[in-house]
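Structure record follows, encoded as structure tokens.
The values are calculated or read from the model by the stated rules, or taken from the named source; none is laboratory data. Fair warning: this is a prediction, and the values are worked out from it, not measured in the lab. Glycine gets a Cβ as well: all are built from the backbone with ideal geometry, and neighbour counts include every protein chain shown.
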Amino acid sequence: MASVITPVLRHADSDPEHVALRSAQGSWTYARLSDAALAYAEALRQQSIGAGDRVLLIAPTVPEFVIAYLGIHALGGVVVPVNTMSTRSELEYFIGDAGCSLVVAWHELGSAAAEAATTHGVPHWSLTEGARAGDEILGVVCDRASDDTAVILFTSGTTGRPKGAELTVGNLLSAGEISARLCGTTPEDRVGTGLPLFHVFGQAAVLMSALTGGATVSLLARFSAEAMLDMLRRDRLTIMCGVPTMWNAMLHSAGDATADDFAQLRLAVSGGASLPAEVARAFQEKFGCTLLEGYGLTETTAVATFSGATAPPGTVGQAVFDTEVQIRDQDGRAVGRNTAGEVYIKGPTVMRGYHNRPDATTEVLSADGWLRTGDIGAMDAEGNLRIVDRVKDLIIRGGYNVYPSEVEAVLYEHPDIVEAAVVGIPHEHYGEEVAAVVVLRPGSRQDGPAITAWSRERLSAYKIPRVVQFVDELPKGSTGKLLKRAIDRDPLVKIAADQAGAR
């Protein structure tokens with residue numbers, strides 16, 4: 001049987017009373033988790049949701065996300081997990097683009113999901129604590145092909161609206177198996193994370209990995225350094241997963257704690273953004289645990305390379321099991337070691353393609369399965385990958401991907417903005433901050449805080465340009481194309497510093 005729920009069913013059968021999930025509200029054994037997911041699947045079936053139907057899922061990192069997620073898979077449905085900070089207009093786009101038949105949203109998230117569902121004329125379910133769905137459970141789990149689409153995760157480059165990356169049943173099962181092998185995950189492990197489960201890192205490299213290995217997963221609904229440290233101590237975590245900003249925040253909140261306080265912690269896995277070497281060094285000194293880095297994309301189900309204990313600092317390690325990584329030049333030819341070029345990936349975690357975007361799929365995915373990542377990297381003599389730069393102008397703020405074109409499109413809707421360019425600037429805590437350089441209409445009296453406030457009404461919180469610079473014109477090439485790399489970041493950095501000093 002091929003189903004994303006298979007690892008949970010297997011452990012529910014072999015060790016039903018072993019704890020699968022922990023949260024502030026309590027714990028769920030593998031047997032209880034399995035029954036709850038199958039009950040949710042049966043409730044969906046009774047509402048005529050079936051194999052191949054797409055369900056938008058909006059929920060924080062809580063056990064109920066896992067129950068609904070697994071229940072949809074047990075029925076053979078396709079999960080479309082999206083950010084809990086999505087606005088109504090963003091949700092309307094996701095529902096329409098993915099062709100969703102149902103919207104399931106956490107009960108504390110407000111009315112945006114219900115309103116978006118109404119716009120498209122699809123049902124809306126409120127996901128409440130316990131995910132109570134009835135007493136009946138699904139009799140037969142849907143047997144799906146390995147290459148059937150299991151989830152659609154929205155992502156994009158620097159042009160156009162977000163694209164839905166189709167990850168298959170095989171992609172998710174492979175990501176779970178590969179990640180579990182890399183971490184040596186067993187039922188004795190206690191894995192903890194504050195990562196969002198709607199993101200590919202938390203969903204594939206953490207949740208699927210832990211459930212595949214039969215471990216216990218502690219979930220933190222809303223990350224704070226203090227709460228993460230409390231969970232680390234309370235649940236005696238052996239594995240932690242997060243993004244660099246989380247590790248940095250924990251370092252500054254650990255106080256007088258020493259490595260002896262975290263003796264049971266054997267592995268910390270970082271991803272989502274580049275890990276500063278100083279943070280890795282300080283974490284190992286403070287927590288007595290090596291902080292290892294992985295590299296992957298939504299399009300590779302979060303898995304591509306992993307650093308391991310012997311990888312040189314500044315690298316993201318070697319290709320993971322059953323996966324190939326190549327560095328190629330502009331003509332698509334492989335280059336030698338220590339030579340920069342574009343990173344290409346091939347393996348069992350590479351996506352099926354972009355939903356309803358055949359042209360976009362062809363641009364990045366070859367007929368023989370090689371994915372063109374858009375990242376520039378180089379490989380050393382031992383095969384360790386170093387990410388040099390990004391072909392895309394992607395901004396990574398606190399582990400979240402921010403696509404400049406999407407923010408620019410919103411800014412261009414402002415009646416006083418003539419031109420806009422969105423770039424990333426360095427930020428001590430988030431890694432990068434979203435900054436906008438804009439040209440105003442003559443006579444406009446807009447200021448930076450007004451543009452930020454206007455954007456706040458139309459964008460998720462992590463996408464808002466908090467640093468705004470006004471200029472008379474933006475740099476352009478001979479064809480009139482905006483030269484974003486010619487934008488001077490220094491004035492933006494100064495504005496950000498002045499704002500920080502004024503607080």
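Observations, loosely collected:
- Test: residue in the range 246-255 that is crowded, with 19+ Cβ neighbours inside 10 Å and of a type in the set (S, T, Y): no
- Selection status of A210, assigned to a helix (DSSP H, G or I) and not basic (K, R): yes
- Filter pass, A309 being under 19 Å from G398 (Cα atoms) and at pLDDT below 95: no
- Any pair with Cβ under 9 angstrom, 6 or more apart, that starts in the range 231-243 at a residue that is over 19 Å from F201 (Cα atoms) and acidic (D, E) and ends at one that is at pLDDT 95 or above and outside any helix (DSSP H, G or I): D235/R22; D235/R190; D235/G192; D235/T216; D235/S218
- Number of the exception - R445 against (1) over 26 Å from the mean Cα position of the chain (by Cα); (2) touching a residue at least 12 places away in the same chain (Cβ under 8 Å): (2)
- Some residue of the range 231-245 being buried (at least 22 other Cβ atoms within 10 Å of the Cβ), over 16 Å from G399 (Cβ atoms) and under 19 Å from the mean Cα position of the chain (by Cα): yes
- Residue count for the range 387-428, restricted to those that are outside any strand (DSSP E or B), closer than 20 Å to A450 by Cβ and not acidic (D, E): 7
- Screening E17 on (1) at pLDDT 95 or above; (2) within 24 Å of H199 (Cβ to Cβ); (3) in contact with a helix residue (DSSP H, G or I) (Cβ under 8 Å, 6 or more places away or on another chain); (4) not small (G, A, S) shows it passes everything except condition (2).
- Among the residues making up the range 97-113, those that are closer than 19 Å to E457 by Cβ and more than 21 Å from the chain's Cα centre (by Cα) are G110, S111, A112.
- Applying the criterion of being crowded, with 21+ Cβ neighbours inside 10 Å and assigned to a helix (DSSP H, G or I) to the residues of the range 453-473, the residue that is nearest to the chain's Cα centre (by Cα) is K463.
- Residue match in the range 183-205 (condition: over 30 Å from D230 (Cα atoms), at pLDDT 95 or above and touching a Gly at 6+ places or on another chain (Cβ under 7 Å)): no
- Each residue in the range 352-379 was checked for being in contact with a Ser or Thr (Cβ under 7 Å, 6 or more places away or on another chain) and either modelled with pLDDT under 95 or outside any loop (DSSP other than H, G, I, E, B) (or both), and 4 pass.
- So G424, is it surrounded by 19 or more Cβ atoms within 10 Å (Cβ to Cβ), small (G, A, S) and in contact with a strand residue (DSSP E or B) (Cβ under 9 Å, 6 or more places away or on another chain): yes
- Any hit, the range 368-376, residues being among the aliphatic types (A, V, I, L, M) and touching a residue at least 40 places away in the same chain (Cβ under 8 Å): yes
- Within the range 228-259, being part of a helix (DSSP H, G or I), among the aliphatic types (A, V, I, L, M) and out of contact with any Gly (no Cβ under 7 Å at 6 or more places or on another chain) holds for L229, A249, M250, L251.
- Filtered residue count, the range 418-438, keeping only those that are out of contact with any Ser or Thr (no Cβ under 7 Å at 6 or more places or on another chain) and either at pLDDT below 90 or of a type in the set (D, E) (or both): 7
- Leading residue by the ranking (farthest from L394 (Cα to Cα)) among those in the range 485-503 that are surrounded by 11 or more Cβ atoms within 10 Å (Cβ to Cβ) and among the basic types (K, R): K494
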